[in-house]
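This report concerns only the one structure given below.
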Amino acid sequence: MRFKKIMTDFFLLMVLTTNISFIFNPNPYELVITVIANLTATILKLGEGKILATEMTAASLVADLHLIPAAFIYFLGDIPEAVSLAVGALAANIISILLSIIEAIFSYLSEE
């Protein structure tokens with residue numbers, strides 16, 4: 001097992017679940033955890049030399065560019081707008097998870 005892959009996948013799932021949690025219950029703590037976890041996942045994805053690494057990093061950057069403004073907007077008082085930005089980040093995170101699954105399948109098939 002590769003520790004970096006485990007950590008990257010952990011943070012991808014953490015971001016996805018906390019993002020969903022924030023959408024259903026707009027809580028500032030969940031939003032902050034989501035932003036920090038997503039930035040961590042983005043950093044872990046940088047420098048990967050895999051087949052879909054570029055696409056996975058791009059999806060993570062898109063989520064960052066939704067979640068960071070969502071945090072600012074939330075603390076300015078426009079909670080519905082922050083939630084709508086979090087929904088956009090959720091779409092990017094779902095794509096990131098799907099790309100990670102496809103990458104795992106490619107990796108498994110190339111080992112055989």
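Residues in segment 42-67 that are over 22 Å from I105 (Cβ atoms), buried (at least 16 other Cβ atoms within 10 Å of the Cβ) and modelled with pLDDT under 90: none. Considering segment 64-83, the residues that are more than 16 Å from the chain's Cα centre (by Cα) and not hydrophobic (A, V, I, L, M, F, W, C) include one that is nearest to F11 (Cα to Cα), namely Y74. Scanning segment 1-55 for residues that are farther than 21 Å from E103 by Cα and of a type in the set (D, E, K, R) yields a single hit, E30. Quick check: is even one residue across segment 39-55 among the charged types (D, E, K, R) and closer than 19 Å to N27 by Cβ? No, the conditions are met nowhere in segment 39-55.
Looking at segment 68-86, which of the residues that are in contact (Cβ under 8 Å) with a residue 40 or more places away in the chain and surrounded by 15 or more Cβ atoms within 10 Å (Cβ to Cβ) is nearest to N19 (Cα to Cα)? Working first, answer last.
Of all residues in segment 68-86, those in contact (Cβ under 8 Å) with a residue 40 or more places away in the chain come to 71, 74-75, 79, 82-83, 86.
When the remaining residues are screened for being surrounded by 15 or more Cβ atoms within 10 Å (Cβ to Cβ), the result is 71, 74, 79, 82-83, 86.
Working: A71: 12, Y74: 14, I79: 14, A82: 11, V83: 9, A86: 7 Å.
My answer is A86.
Checking each residue in segment 1-22 for being β-branched (V, I, T), farther than 14 Å from A63 by Cα and surrounded by 13 or more Cβ atoms within 10 Å (Cβ to Cβ) picks out only T8. Condition check for S96 on (1) touching a helix residue (DSSP H, G or I) at 6+ places or on another chain (Cβ under 7 Å); (2) modelled with pLDDT of 95 or more: one failure, at (2). When G77, G88 are checked against the criterion of being out of contact with any strand residue (DSSP E or B) (no Cβ under 6 Å at 6 or more places or on another chain) and either among the basic types (K, R) or on the phi < 0 side of the Ramachandran plot (or both), a single residue qualifies: G88. When segment 8-31 is filtered for residues that are in contact (Cβ under 8 Å) with a residue 24 or more places away in the chain and over 13 Å from the mean Cα position of the chain (by Cα), the ones remaining, listed by number, are F22, I23, P26, P28.
The values are calculated or read from the model by the stated rules, or taken from the named source; none is laboratory data. Computed from a prediction, not measured in an experiment: that's the story for all the values here. A quick note on method: Cβ atoms are made from the backbone with ideal geometry, for glycine too, and the neighbour counts reach across all protein chains shown.
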